[in-house]
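Have a look at the structure below, then the notes.
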């Protein structure tokens, strides 16, 4: 084993002497210069910001103010109230207007709204969530599910004069929204809906804005009309919850969740309804309406599709949550990397000065691998946000009617939903792991609240759960893959699978997810030249995509087998395949993230320092992902043991090469200094700050 | 891939039809009965409690009182003060006396003290840490480093009348204790020591009891005597920090860390000294003394060994910290498992009732794998605690003199230190990961503070850092392995390594770590019969130990190579081997944990339900550890791809088999109901609690 661990940088000639690699390793990168290039950070920032550079720069400038840092003083209610001025600053800068369509009086800039929320995640996730609840969830429900008769709610919502609650989750049903128990029963006598919580498990829970500030709620409930026994499915209705004196409305019981694991500034509470009457017009009737006589109509005939169409308007929240998790992760990495470049501990021996943490190999590995992944996820985030923006543009311009999409639009929407779900899952999982790692990498100082890491950890913790539990979301990705596969294959018969040649990975990629040209040509180049260097971008993409497709293929086989069983046994088999479905989803998202990196590096001039750095970031992300799944690659004979060892050695070489550039890599995030410049960077025990 | 995923339980006959396993798989366990045996929980509890059953039962009974739950109300100072009554209850039950030697007026029951602290971790880690600081660290310093002239501190310390601080860590030097900067300079004129913080980085930080309750401190400082330029090394001195009015003593500056990521009840603060004078007698002089004239003497000649002997008295704290982390992890698993057996979400289809979370495959995997590891770690904890007890007994009976140990005693002490370090590292890492997983597995309810998981997560977070950073501790294990290896080999020459036959793993185990007979005979049985069934306990041990020894062997090779380089290059090479050293340490601890499981199951009657369950727990721990390191096993040709796939399939089968026993497995922990019976188990949205 010793030979593979020897650093290529110091002993390139002797590397792997026993068994020469089978590839022409013409792509092996040289170690980067040990003195970083000053311009590179700026060049990288432009790439990372992508098409949203100006929007991001604007809000970063605004956030460069300690006013935006997390507020942890006083009682819980003090912390809750302290968020209101933050939201007001946000409103004054116009972000609340961006969330809403022009038709409803907003400025109709969903990209600015999403980027704004996401970037707020650099500073304070409580503020991000509170803003998201008020404008994205409550406001978004009105904007997306309501019609002109609900327009009057919008302006006071944007202006923070009407604080709203988004009441979907019930204590009995979180992820399983279709089974919600709250009822909205139409009474033609009075032309009212009666909102009721028929069972204790129908209580609405975890609702932001409910415990303290909320005046009104968008309540999801099973809709019943006279003479129809069955529910028309889950619909959303506007229910006032507090009167002008801020007391609960008659029939409304409000609870307070009190202390949570984090997000202490968000006033999460509960709502129960005891036959609360609201006017008929309070039904948000874009996708389903009840007339005065009590007749139900909907522009979408299928109850199932109607349900999913309503839910699909949630997508923006999911994208913002994933984005904010990524932003908090980048801030955490920024802080931990700067600390690692300033903090010294342990001398290599004798009178030599103690080494900076970043000079220790184990510290490089623990910080730079997640840093590379953060690059990949930020770039993927850009792509998904751009697609959302395109979808919203089509809606605004009347090109897309959600109630009546073309087949192609429907497929595009499904894919966007799947990507948004998967991106939220992979980003929040990455956040939980990476922020934890950053905290530990800063030792005891990392545990002091003033250095922000523990607050980011505590606040982001629930991001893996809300806006869709990750375990459920990543299965959505797997299911969308399976559906697309069945669609493409026409059938799941073995003969077809063989006939369609699953080895031609690149064809499938092209057909199915509209990859960018750069990625495609990298793939083609790798295939054409039969180049399987571990450092070839195209080969790396094919390795990650191959894994995703292989798991999908074997999953499809299991699903096909299950079709022959009776319902109960089939359900057992499908459940047993759950970890398989989940694995397919994760593999898919890892592949997409790599593709975003490949795409981005193509935009930088060849041989520029920024390009060289970004290529090694991409190598590090790709190879560390492969090493993480080494078992799979070996078990499926995709990579030999020797090549996996080479990948491991390369990961070590890459962190050594990138270490002197670590500060450049975080500078490129452009995080305002008032955020990252935490006390521990300025205390004794670290070298003087370098700015 | 499909064939390996098919459940053995439902289709045993067809399993792995393509390539029959090379082993005689006579050990393949049958699925457990789906109705658990009531007696099994009690039988398992006895095994888990080991020789400490009575002690554990006593304190569990005391803890069955909501008085001991974490206190999160009010201001930070309220939370801090709320811990004092908890410590008083602990004192009244005699635990504080157990910490101290009979010679000093204690009751001399270190095992009861350690088990008490550890078990307190089931309920409240803040209380555990506060008690640990007062009696274990401050009190332990006096008890272990002091002499008769310091005895008068002990009684008020035990009685909570004298609150003490353990002032070791400085802001400039946490892990690197030898480089501390605080000075203690002897002044023969006045026969005083002058305690000084010569630089800002000499400030003592993160000190429990300092911010609010502490009156006195054990301060670690470089010791200087007149006429000797060099420090005699780090020594510990008693320094009063607050006067009778609780104001800081002259020259002492006290700071408050305020809000931290957790452990809010512990009043961590800072101390700086401006030429503070204390009497000569305040030097804790067991291992080094200064006479009136200023002459330094020590019973230990080597400065290095003296330093490590003083540090070795820290070992009890480390063992208690690892134990408490394990206890908090078990409570978290207990809560998450019970929630999983009561909470329903998603119906398999049609009108079928929603399934319990534990019925979903992915949920079984996420909870039962760490549950199996918790079994292993608790059993290893017992062994290490027993060794500590034995060491303390030898000290108390005058058989062991720490200043003058026999060669054999020295080796035993080193091994105990290494085990304690490694156990603390593996236990706290397991805690951080598992409690996080438990929180996520309980969804939004898991994020509410009343359900305890977020507090366990936040409080245990810093356990990976304090009492020795895990990254440093696990390297201690690697280094001890390397030292033992060099000792055994006499030299590290290749010829010797070959001659000593590293393939004979079992010989090395026997020689080096005094394994128990059961493990040895399992190993021997596997070797004798050439039985390489993945379910054979002996073969499992050899697989885990083989990994640990192989990494060690290749590490030794790198170290040997470094010896030929000059100092600077050698340091670079050694640092590059850091991740290698770390890997060796983790592998070693994983192997030891498995050995503890094998040892324990031997104590249960063959074919008893408890034994069958424990065997599958052991299978699950062993095989999931192997799968986690699948890449290594394949790269080193220890296991074929086919066998790794079998191991993966077995992990799935095992969680299916164990799932109906999940509540039995956590019942066996014996955690008091007043702790695990959190609100979410009694709310709507779960099936009625089953007790």
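For a label point 7 Å from the Cα of residue A:390 along Cα→C-beta, name the residues of the stretch A:591-613 whose backbone N is under 16 Å from it. Within reach of a label on residue A:390, which here means backbone N under 16 Å from a point 7 Å along Cα→Cβ, the stretch A:591-613 contributes A:596, A:599-600. Extending 7 Å from Cα along the Cβ direction at residue A:277 and again at residue B:487 yields two label points whose distance is 8.6 nm. With label points set 7 Å from Cα along Cα→Cβ, the inter-copy distances at residue B:303 are 8.3 nm, sorted shortest first. The modelled label-to-label distance for the pair residue B:529/residue B:161, using points 7 Å beyond Cα in the direction of Cβ, is 6.5 nm. You can think of it this way: the chain between residue B:30 and residue B:291 has 86.9 nm of extra reach, that is 0.36 nm per residue less the Cα-Cα gap.
Under the classification rounded if a/c is under 1.5, otherwise prolate if a/b is larger than b/c and oblate if not, where does the stretch B:309-349 fall, given a ≥ b ≥ c as square roots of the Cα gyration tensor eigenvalues? The shape class here is prolate. Computed on chain A, with alpha-carbon pairs under 8 angstrom and 6+ residues apart, the relative contact order is 18 percent. Plainly put, the protein assembly as shown has a radius of gyration that is 0.96 times its Kirkwood radius, both from alpha-carbon atoms, as the Rg/Rh ratio.
For residue B:603, the label point sits 7 Å beyond Cα toward Cβ; its separations from the matching points on the remaining copies run 6.3 nm, from shortest to longest.
Extension gain, residue A:674 to residue A:102, is 202.5 nm, computed as 0.36 nm per intervening residue step minus the present C-alpha separation.
If you find the alpha carbon centre of the stretch B:199-235 and of the stretch B:30-67, how far apart are they in angstrom? Going from one Cα centre to the other spans 44 Å.
Spread over its residues, the convex hull of the C-alpha atoms of the stretch B:531-657 is 105 Å³ per residue.
Each copy carries a label point for residue B:275 at 7 Å from Cα toward Cβ; from one copy, the others' points are 8.4 nm away, ordered from shortest. Its relative contact order, with pairs defined as Cα atoms under 8 Å and 6+ residues apart, puts the stretch A:164-303 at 27 percent.
Given axes a ≥ b ≥ c from the Cα gyration tensor, I'd like to know whether chain B is rounded (a/c under 1.5), prolate (a/b larger than b/c) or oblate. Mind showing how you got there, number by number?
Details: a/c = 2.15, a/b = 1.38, b/c = 1.56.
Oblate is the answer for chain B, as a/c is 1.5 or above yet b/c matches or exceeds a/b.
Shielding by partners for peptide B:448-461, expressed as the average number of C-beta atoms from other protein chains within 10 Å of each residue's C-beta, is 4. FRET efficiency for the residue A:39 to residue B:563 pair, using the beta carbon distance and R₀ = 35 Å, is estimated at 0.20. What share of all Cα pairs of the stretch B:41-158, in percent, falls into each consecutive 10 Å distance bin? The distribution over the stretch B:41-158 is 13, 42, 30, 13, 2, given as percents.
Centre-to-centre, using Cα atoms only, the stretch A:595-673 and the stretch A:277-353 are separated by 28 Å.
Panel values: the stretch B:209-346, Kirkwood radius from alpha carbon pairs, Stokes-Einstein at 37 °C and 0.692 mPa s, translational diffusion coefficient 175 µm²/s. Between residue A:81 and residue B:256, the FRET efficiency estimated from the beta carbon spacing at R0 = 30 angstrom works out to 0.75. Its Kirkwood hydrodynamic radius, worked out from the mean inverse distance over all distinct Cα pairs, puts the stretch B:571-628 at 13.2 Å.
In chain B, the DSSP-assigned H stretches of four residues or longer account for a calculated mean residue ellipticity at 222 nm of -16500 deg cm²/dmol, using -39500 (n - 2.57) per stretch and the full residue count as denominator. The residues A:201, B:347, when put in order of fewest to most other Cβ atoms within 10 Å, stand as B:347, A:201. Residue exposure proxy: A:366, A:528, A:439, ordered by other Cβ atoms within 10 angstrom of their Cβ from fewest to most, comes out as A:528, A:366, A:439.
With R₀ fixed at 51 Å, the C-beta to C-beta distance from residue A:347 to residue A:404 puts the FRET efficiency at about 0.10.
Restricting the calculation to Cα atoms, the stretch B:314-468 yields a radius of gyration followed by a Dmax of 20.1, 75 Å.
Fewest Cβ neighbours within 10 Å first, please rank A:309, B:190, B:434, A:518 accordingly.
Lowest to highest Cβ neighbour count: B:190, A:518, A:309, B:434.
What nm distance separates the two modelled labels at residue A:305 and residue A:46, each placed 7 Å from Cα along Cα→Cβ? Spacing of the two 7 Å Cα→Cβ label points: 4.6 nm.
The mean number of Cβ atoms from other chains found within 10 Å of a Cβ in peptide A:360-366 is 5, as a whole number.
Laboratory data are not the source of any read-out in this text; all were calculated from the coordinates shown. Bear in mind that the values here come from a model prediction, so they are computed numbers and not experimental data. In this analysis, Cβ positions are derived from the backbone assuming ideal geometry, glycine residues included, and neighbour counts consider all displayed protein chains.
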